[in-house]
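Asker: Here you go, one structure.
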Amino acid sequence: MADEITTPAPAAEMRFVNAMRLTARQWIAVAVIVTLVLTLTPWLWKKCERFDTGPDYRIPYALSKDYWLYERRIERLAPADIVMLGDSVIWGEYVRPEATLAHFLSVQSGQPGRFVNGGVNGLFPLAFEGLVRDYAAAVRGRKVIVHLNLLWMSSPKADLSTPKEERFNHADLVPQFSPRIPCYKADLNRRLSASFERHFPFVQWANHLQVAYFGQMNILAWTLDDEGATTPELSNAYKNPIKQITFTVPPEPDDDPERGPASPRHKPWSASGEGTTRFEWVAPDQSLQWAAFQRLVKLLQSRGNDVLVIVGPFNEHIISSENRLAFLRLRGVADEWLAQNQIAHVILEPLPSMLYADASHPLTAGYEMLAERLLRDAAFQKWMNAR
C-alpha cells in the first residue's frame, strides 16, 4: 500500500505575526526617550565640540549659514562686550579678521576684544531681522552697534521687491509668509521647513553638522558628490562620513587667498578701470529692506539694548552724478527717522576713494580710518560714556 500523502495546510492558515503592540506605558516611555534625545543632543554637542574664539573671531565665510553656531558665539559675550551687528561691511569682506572695524575700535580705544564682530557675510536687513530675533537672544540688555548699509536699497533687486524670482543668501532667515517678498518664490514645504527650523534646536544642530562638516550638504548628497575627484576611488562615495565629524568647528583659513593685503581682491575699486555706477534707489516708503531695518532696531530696543546705528560709509565716489541726489535724500530719510525716534546714530562721511574695494566695503586702511573717525565723533563718545 502506497504511503499516504499529507496535504499542506492552506496558506491562509499559516500566519506569521511580527508586529509588536505597545502598551500606553510603553508609548509614554518611547515619547520620553525621543524627547530626551531631541533635547539633550544639541546641549551635549556644545560640551563635546571644540569651538575656539578669540578677540577678532568672526563666523568663517564657509559657515555663514550656520546660525546655530552664530548663536553659540553670541552666548559667549562678556558682560562689557559691545557687539557689532551687520552685513559683510562689519564682517570684513576684503580684509583679514585682525583688520575689521571691530578690531580697530578695540585697539584704538585701548580695550582689546571689547568690540565683537557680530557681522555675517551676505546678510541684509530682511535676513538680519530674523537672525537677531531667533538666534541672538543673548544680546539682550547690552550696548549694540548696528550697521545700516544703504546698498540694500540701491535697486529693486537688492531690495528684494522686484516681482521677478531671484535667488539670494540667507533665504531661511527672511519672513516666510508676512510681509510678502515678491521675488521669493519658495513653495509651501520650503517655507514651513524654514519656519520650523528656527524654533527647534535639534534641527538647527543637524544643519550645523551639514554646514560645518559636509560642505552644506546632507550626508546622502555629500556621498554622491565627487568634489572634482579625478577617479571614482577619490570621491566621497568611498569615504566614511563618520570620519568627517572631527568635533572641532572649522576655523577661518590662516592664509585666505580671498582676503587681506596679499589678496588680488584687496585693491581700490577704481583699479579695475570701471567707471561710476547709476543706482536705481528704492524710495524708503516702498523699501522692504528699510522697513525690516526699522523693525530690527525696535526689536533690539524692546529687549533692553542700548542701540547705536552707524550709517555708511557708502562709496559716494562710485555714484553717477545724475542719481547722487536720490542717494542723499535716502540717507536724509534714515537720519530723520533715527533722530525722531531718539536713536543714537552716526552718519559716516565717505572715505577717500582709494580706500574702497567696491560700493560699500572699505579696505584695511579704510577700516582703520573709520575707527579713528568714530572714536572722535561726539555722538559716539556720548553713547559710549552713557550707562
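The values are calculated or read from the model by the stated rules, or taken from the named source; none is laboratory data. Not measured: the values here are computed from a predicted model. Positions of Cβ are backbone-derived with ideal geometry, glycine not excepted, and every protein chain shown enters the neighbour counts.
Asker: With region 48-108 as the region, which helices (runs of 4 or more DSSP H) entirely inside it contain at least 2 residues that are among the acidic types (Asp, Glu)?
Answerer: Fully inside region 48-108 and qualifying: 67-75.
Asker: Being under 11 Å from TRP269 (Cα atoms) and either without any contact (Cβ under 8 Å) to a residue 24 or more places away in the chain or assigned to a helix (DSSP H, G or I) (or both) is the filter here; which residues of region 347-387 pass it?
Answerer: Answer for region 347-387, where residues must be under 11 Å from TRP269 (Cα atoms) and either without any contact (Cβ under 8 Å) to a residue 24 or more places away in the chain or assigned to a helix (DSSP H, G or I) (or both): SER353, MET354, LEU355.
Asker: Evaluate region 147-155: report whether one residue or more is in the same structural domain as ASP377 (by TED's automatic domain parsing), touching a residue at least 40 places away in the same chain (Cβ under 8 Å) and surrounded by fewer than 20 Cβ atoms within 10 Å (Cβ to Cβ).
Answerer: Scanning region 147-155 turns up at least one residue that is in the same structural domain as ASP377 (by TED's automatic domain parsing), touching a residue at least 40 places away in the same chain (Cβ under 8 Å) and surrounded by fewer than 20 Cβ atoms within 10 Å (Cβ to Cβ).
Asker: Related question: Going by the structure shown, is LEU300 in a helix (DSSP H, G or I) and among the hydrophobic types (A, V, I, L, M, F, W, C)?
Answerer: Yes, satisfied.
Asker: Got a sec? Which of LYS298, LYS243 is without any contact (Cβ under 8 Å) to a residue 12 or more places away in the chain, assigned by TED's automatic domain parsing to the domain that holds LEU355 and not β-branched (Val, Ile, Thr)?
Answerer: Just one listed residue meets the conditions, LYS298.
Asker: Find all pairs meeting these conditions: Cβ atoms under 6 angstrom apart; at least six residues apart or on different chains; first residue within region 318-336 and more than 14 Å from TRP290 (Cβ to Cβ); second residue of a type in the set (Ser, Thr, Tyr).
Answerer: The qualifying pairs are ILE318/THR276; ILE318/THR277; SER320/THR276.
Asker: Among the helices (runs of 4 or more DSSP H) confined wholly to region 173-224, which include 3 or more residues that are charged (D, E, K, R)?
Answerer: 188-197
Asker: Looking at ASP66 and the list (1) surrounded by 22 or more Cβ atoms within 10 Å (Cβ to Cβ); (2) among the charged types (D, E, K, R); (3) in the same structural domain as ARG329 (by TED's automatic domain parsing), which single condition is not satisfied?
Answerer: If we test ASP66 against (1) surrounded by 22 or more Cβ atoms within 10 Å (Cβ to Cβ); (2) among the charged types (D, E, K, R); (3) in the same structural domain as ARG329 (by TED's automatic domain parsing), just (3) comes out false.
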